[in-house]
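These notes concern the structure reproduced below.
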Amino acid sequence: MENDFRLRMTFWGVRGSSPTPQIDHLNYGGNTCCIEVRLPNNEVFIFDAGTGVRNLGDSLLEEFANQKLDLKLFLTHFHWDHIQGIPFFQPLYQAENRVVFHSVAFPEGQHRRSGAKSGLEETLKIQMAHPYFPISLESLAAKKEFREIDPKPLKFGKLTITPFPLNHPGPTYGYRIESDGAVVVYATDLEHGHAKLDKVLRDFSQDADLLIYDSQFTPEDYEKHKGWGHSTWFEACQAAGDAKVKQLALFHHFPSYDDARFYEIVQLARGEFENTIGAQEGWSLTL
Ligand SMILES: [Zn+2]
Ligand SMILES: [Zn+2]
């Protein structure tokens, strides 16, 4: 039976840089970046595989027990907080499942030490190579595919996923995710102040129902971290206003900010852009 929504987005990991299991961080959440997008027919699309993807994997296995999973995973880039959950993603351990990894395209010939067919496959293999992890990616039973993608729209039935470049150390994609008129924009790991890419972000976020934006730092703390590839709650509000989005989610929370500090930040942001939330692990938006 079809679900009664066009698209449902769920946060499984909202923290930037490093997991924060401390008790005073758990209201907003301690797992690193992972969001799920679900279509009415229960097709699942995953964006980033930080530690949050472990819980998503376990939840999918429970929900779809004895059914094959066919999952599409889109990585923004390869910093730890976006891939660290992959070795613990249980659907990869079952032969009946298929996982298709998508990422930015690697320059031809780069990262080819293990006989992998693509830079994407190579990069994920290295993550799980000895001595970093005891089980290799190739030994995991699920069928795995690796697709390097250009910043062009990809169609999956009614769903269109359009990657666009972000200003971050190393190639990084944001994603505009659109189905039947419902639009979520996932833009994490970006630094404002790059005129061309600031405009790209606004163009791709236009009129979105939800903009998920890297607001790692307060404007004051940003001054000490210029060039790190992250933005602020203030810039998030500017982008949300310029792009006329309906709702803004502050995302990629700085590990040093506890719940009380982040609560204050959300209140400040609401003064600039009223319909702002602090992304919270477990929160879902149904459109
Ligand atoms: Zn990150
Ligand atoms: Zn990053």
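So if I place +1 on the C-beta of Lys and Arg and -1 on the C-beta of Asp and Glu, and nothing else carries charge, what would the dipole magnitude of segment 133-287 be about its Cα centre? I want it in debye, nearest 20.
Taking the Cα centre of segment 133-287 as origin, the dipole is about 560 debye.
Quick one: check the C-alpha center-to-center distance for segment 204-244 versus segment 26-70, whole angstrom.
Cα centres, segment 204-244 to segment 26-70: 25 Å.
Which value, in nm² and rounded to one decimal, describes the direction-averaged projected area of the C-alpha convex hull of the chain?
That works out to 14.9 nm², a quarter of the Cα hull's surface.
What ³J(HN,Hα) values, in whole Hz, does the Karplus curve 6.51 cos²θ - 1.76 cosθ + 1.60 give for segment 269-274 when θ = phi - 60°, with x put for Gly and Pro?
5, 5, x, 9, 9, 4
In nm, what is the difference between 0.36 nm times the number of residues separating LYS68 and ARG270 and their Cα-Cα distance? Can you show the working numbers first?
Numbers: separation 202, 0.36 × 202 = 72.72 nm, distance 4.26 nm.
Separation in residues times 0.36 nm, less the Cα-Cα distance, equals 68.5 nm.
With the full set of protein chains in place, find how many percent of the accessible area of segment 160-287 is carbon and sulfur; take the probe as 1.4 Å.
51 percent
Equivalent-ellipsoid semi-axes (√(5λ), Cα gyration tensor) for segment 117-174, whole Å, largest first?
27, 17, 9
Given only helices, namely DSSP H runs of n ≥ 4 each adding -39500 (n - 2.57), what is the per-residue ellipticity at 222 nm of the chain, to the nearest 500 deg cm²/dmol?
Using -39500 (n - 2.57) per qualifying helix, the result is -6500 deg cm²/dmol.
Between GLU96 and GLU148, take the C-beta separation as r, use R0 = 22 Å, and let me know the FRET efficiency to the nearest 0.05.
E between GLU96 and GLU148, to the nearest 0.05, is 0.30.
With charges only on Cβ, +1 for K and R and -1 for D and E, what is the dipole size of the chain about its Cα centre, in debye, rounded to 20?
In total the dipole reaches around 840 debye.
So which of LYS117/LYS224; LYS155/LYS244; LYS158/LYS226; LYS143/LYS226; LYS68/LYS196 end up more than 32 Å apart by C-alpha?
Violating the 32 Å Cα-Cα cut-off are LYS117/LYS224; LYS158/LYS226; LYS143/LYS226; LYS68/LYS196.
Any chance you could give the angle, 0 to 90 degrees and rounded to 10, that helix 195-205 forms with the longest Cα principal axis of the chain?
80 degrees
Report, to the nearest 10°, how far helix 52-63 tilts away from the longest principal axis of the Cα atoms in the chain, using its own Cα long axis and a range of 0 to 90°.
Taking the Cα atoms of the chain, the angle to 52-63 is about 60 degrees.
The values are calculated or read from the model by the stated rules, or taken from the named source; none is laboratory data. Just so it is clear, the structure is predicted and the values come from calculations on it, not from any experiment. With ideal geometry, Cβ positions are generated from the backbone for all residues, glycine too; neighbour counts draw on all protein chains shown. Accessible surface areas use protein heavy atoms only, side chains included; no ligands, DNA or RNA. Shrake-Rupley method; radii C 1.70, N 1.55, O 1.52, S 1.80 Å.
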